[in-house]
Amino acid sequence: MTTRPYAWLVCALALVGCAVGPPRPALIEQQHSAVIGGALTVDPQIEWTSLRAEGHETWTVDGTALDALVFFPAVADGEGLLPPPAKGPDTRPRFRRGMSETEIAELVVDTLFPGRPQPRNLRPFEFARKPGFRFDVDYVTPGGLHRKALVAGAVVQDRLRLMVYVAVALHYFAEYRDVVERILSSVQLH
Amino acid sequence: MVRLQELARSVNARGGIGRRRAEYLAQIEPLLSVSLGDEVSRRDFPATDVLLRRLVATGARPGTAHFFQGELYRLRGLSEDGQRAIGAYRQALEFSDAPPQTLRNLGLLLVRSDDRAGARSALERYLELVPDAEDREMVKVRLGHIEEVAR
């Protein structure tokens, strides 16, 4: 099993925090639409705690170690999903304009999940009312924890718009799955 | 250094590395694709390039070796790497051990380089070879786009 510099669990805090300091949690209220990164609007369905960072925003109910809904609202050509490492070579996979959905799935998996799990059931999906894609990921962390993820997105105006729901397979993934599906249906370009 | 020289003498006394090479390759063969996939995904492209050139030079699993050379070029994404990847995938397909993903990745690159006939042929062959592919529906959408543009 390969250990990646950006593996999900290894950098769970880096994902929600950044070089500029610790993230400031904010309450996402159930009844108000939320604007993500000035680019996407979603209906939260329930209350979440939000942690904003450069290029992405993470929502959680029980803590990011158990469940996390991560939005990447507008990844530009040549950018990675996560910020560059503070030190060492920058070997992040990058989003490139013109990438196929297969390559985007590979980019997501290589960036976020340990052990290079295979994207499953990559299929067409309408995201933010635009032709997009979705796929599933099933993996075991280096510590032996079984996790599941649901990934959906689209490339709109040459930018990758992405939503990733990842949670512990036991109890947590199913607990918020229906909520996440409703949020997914509510995504719009801002 | 002395210890390495001792080991080298010991190996040579037993007939050298080549004598058991086939046995060694047979042992690692089931793991080769997974290992090379992990290697390429590290994105340490100069080191992986050396490794793959050596593997190609041995002549062992040539379809697999050329496929991963194509993967390296595709992921590295330098200005000529798209064409290099297409060339490597085509070389891989000359050998029976090329993985089916060679056809898919070749087809997707050919879409980008506007070779619609080549792309359609490669993607259709991929779906024939892997009828239950995890990305079947997405590949069918790509084929649909090719048809639309051709009309």
Cα centre as origin, Lys/Arg/Asp/Glu Cβ charges: the stretch B:64-151 dipole, Debye: 200 debye
For the stretch B:62-99 and the stretch A:91-114, compute the distance between their C-alpha centroids and round to whole Å. 18 Å
Are there chymotrypsin sites (Phe, Trp or Tyr not before Pro) in the stretch B:77-151 that DSSP marks as loop and that have at most 16 other Cβ atoms within 10 Å, and which are they? B:95
Excluding the sites themselves, what is the longest stretch of chain A that contains no GluC sites (Glu not before Pro) in a DSSP loop with at most 16 other C-beta atoms within 10 Å? A:55-190
Residue with peak Gaussian network fluctuation, chain A [Cα springs, cutoff 10 Å], from A:104, A:46, A:36: A:46
Can you sort A:163, A:99 by how many other beta carbons sit within 10 Å, fewest first? A:99, A:163
Work out which trypsin sites (Lys or Arg not before Pro) in chain A are exposed loop sites (DSSP not H, G, I, E or B, at most 16 other Cβ within 10 Å) and give the longest gap free of them. A:1-86
Once the other residues with Cβ under 14 Å from the Cβ of residue B:98 are scored (Lys, Arg +1; Asp, Glu -1), what is the net sum? +1
Counting other Cβ atoms within 10 Å, keep those with at most 12, restrict to DSSP loop, and tell me which GluC sites (Glu not before Pro) in the stretch B:69-127 are left. B:80, B:94
With the cut-off at 1.5 for a/c, could you classify the stretch B:49-134 from its C-alpha gyration tensor as rounded, prolate or oblate? oblate
Return the distance in nm (one decimal) between the two label points of a simple spin-label model at residue A:76 and residue B:23, each offset 7 Å from Cα along Cα→Cβ. 5.9 nm
For chain B, with a Gaussian network of springs between Cα atoms less than 10 Å apart, report the residue from B:81, B:97, B:38 with the top mean-square fluctuation. B:38
Of the options B:77, B:95, A:69, report the single residue whose Cα projects farthest towards the positive end of the charge dipole of the protein assembly as shown (beta-carbon charges: Lys, Arg +1; Asp, Glu -1). B:95
Could you give the length gained on full extension between residue B:116 and residue B:11, defined as 0.36 nm per residue of separation minus the Cα-Cα distance, in nm? 32.5 nm
Over the protein assembly as shown, how many percent of alpha carbon pairs lie in each 10 Å bin up to the one with the longest distance? 5, 23, 31, 22, 12, 5, 2, 0
Once you sort the root eigenvalues of the Cα gyration tensor of chain A as a ≥ b ≥ c, which label holds: rounded (a/c under 1.5), prolate (a/b larger than b/c) or oblate (the other case)? rounded
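Read the figures in this text as sums done on the coordinates, not as results from a lab. Remember, it's a predicted structure, so these values are computed and weren't measured experimentally. Quick reminder, even Gly has a Cβ in these numbers, built from the backbone with ideal geometry, and neighbours come from all protein chains shown.
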